[in-house]
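The values are calculated or read from the model by the stated rules, or taken from the named source; none is laboratory data. Model, not experiment: these values are computed from the prediction. Counting neighbours? That spans all protein chains shown, and the Cβs are built from the backbone with ideal geometry, glycine included. When the accessible area is computed, the model is the full protein with side chains, heavy atoms only, and any ligands, DNA or RNA have been set aside. Shrake-Rupley method; radii C 1.70, N 1.55, O 1.52, S 1.80 Å.
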Amino acid sequence: MKEKDTAPAQVTGLTATEQRSIETLYRAFNEQNPELLDEALSTDWKDIPLAPAQGPGPEGLKPIIKSFIAAFPDVQISIQEIIGAPGRAGVRALITGTHQGEWFGIAPTGKAIHIPIHEFHHLENGRISHTWHLEDWFGMLNQVGAWPAHATTPSEAVS
């Protein structure tokens, strides 16, 4: 991860420790270091929903990070915005990378991805205890070329 010239601005509603935990979660991907999760997540962290084959807690996420990094070795998750309130935070971020390894049975395509994500974190004792997330997996499958071409144009789609 590139070092920034200035420290990130403190997010209103979060303690410095809570903000650091949130930023460290995404650094685990960017620095290709799943062990950073031990600094960010509570030992009984709950990820809702779990990824396919993901186990519970931080230990369950570590293999997911490793497999994602193997498929997208240049992955970067850039935080676009954090909103905070006591004990909770919302994060809007962007995943970018190039599909260079197998990912959930999809052979490498060499195609770039640009996927928005939205995550909502509950924090306890300065660590993330629960994460609810929305990722555009449909968009990711489209971008790597694993989804059939559209049968209709957006203007023909049924509402």
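Among the residues of region 141-153, is any in contact with a strand residue (DSSP E or B) (Cβ under 8 Å, 6 or more places away or on another chain), open to solvent by less than 10 Å² (accessible area, probe 1.4 Å) and under 19 Å from residue 28 (Cβ atoms)?
no
So which residues in region 67-78 are over 20 Å from residue 118 (Cβ atoms) and at pLDDT below 95, if there are any at all?
Passing the criteria: only 67.
Mind counting the residues in region 118-158 that are among the β-branched types (Val, Ile, Thr), modelled with pLDDT of 85 or more and over 30 Å from residue 43 (Cβ atoms)?
Adding up the residues that qualify gives 1.
Taking region 87-114 as the region of interest, how many residues are of a type in the set (Phe, Trp, Tyr) and surrounded by 16 or more Cβ atoms within 10 Å (Cβ to Cβ)?
Qualifying residue count, region 87-114: 1.
Which members of region 87-97 meet the condition of being within 17 Å of residue 140 (Cα to Cα) and either more than 15 Å from the chain's Cα centre (by Cα) or in contact (Cβ under 8 Å) with a residue 40 or more places away in the chain (or both)?
Across region 87-97, the qualifying residues are 93, 95.
Is it the case, given these coordinates, that residue 19 is open to solvent by 70 Å² or more (accessible area, probe 1.4 Å) and in contact with a strand residue (DSSP E or B) (Cβ under 9 Å, 6 or more places away or on another chain)?
So residue 19 fails the test.
Kindly provide the set of residues from region 22-40 that are within 14 Å of the chain's Cα centre (by Cα), charged (D, E, K, R) and either crowded, with 17+ Cβ neighbours inside 10 Å or assigned to a helix (DSSP H, G or I) (or both), ordered by number.
Within region 22-40, 23, 27 meet the criteria.
Would region 1-8 turn up any residue that is open to solvent by less than 50 Å² (accessible area, probe 1.4 Å) and of a type in the set (Gly, Ala, Ser)?
There is no residue in region 1-8 that is open to solvent by less than 50 Å² (accessible area, probe 1.4 Å) and of a type in the set (Gly, Ala, Ser).
Just to be sure, is residue 12 outside any loop (DSSP other than H, G, I, E, B) and among the polar types (S, T, N, Q)?
no
Scanning region 50-72 for residues that are in contact (Cβ under 8 Å) with a residue 40 or more places away in the chain and not in a helix (DSSP H, G or I), which turns out most open to solvent (accessible area, probe 1.4 Å)?
Within region 50-72, the match that is most open to solvent (accessible area, probe 1.4 Å) is 52.
Within region 115-128, can one find any residue that is surrounded by fewer than 16 Cβ atoms within 10 Å (Cβ to Cβ), touching a residue at least 60 places away in the same chain (Cβ under 8 Å) and of a type in the set (S, T, N, Q)?
yes
Tell me which of these residue 84 doesn't satisfy, since it passes every other one: (1) crowded, with 16+ Cβ neighbours inside 10 Å; (2) within 16 Å of the chain's Cα centre (by Cα).
Status for residue 84: all satisfied but (2).
Against the condition over 14 Å from the mean Cα position of the chain (by Cα) and assigned to a strand (DSSP E or B), how does residue 43 come out, does it pass?
Spelling it out, residue 43 is indeed over 14 Å from the mean Cα position of the chain (by Cα) and assigned to a strand (DSSP E or B).
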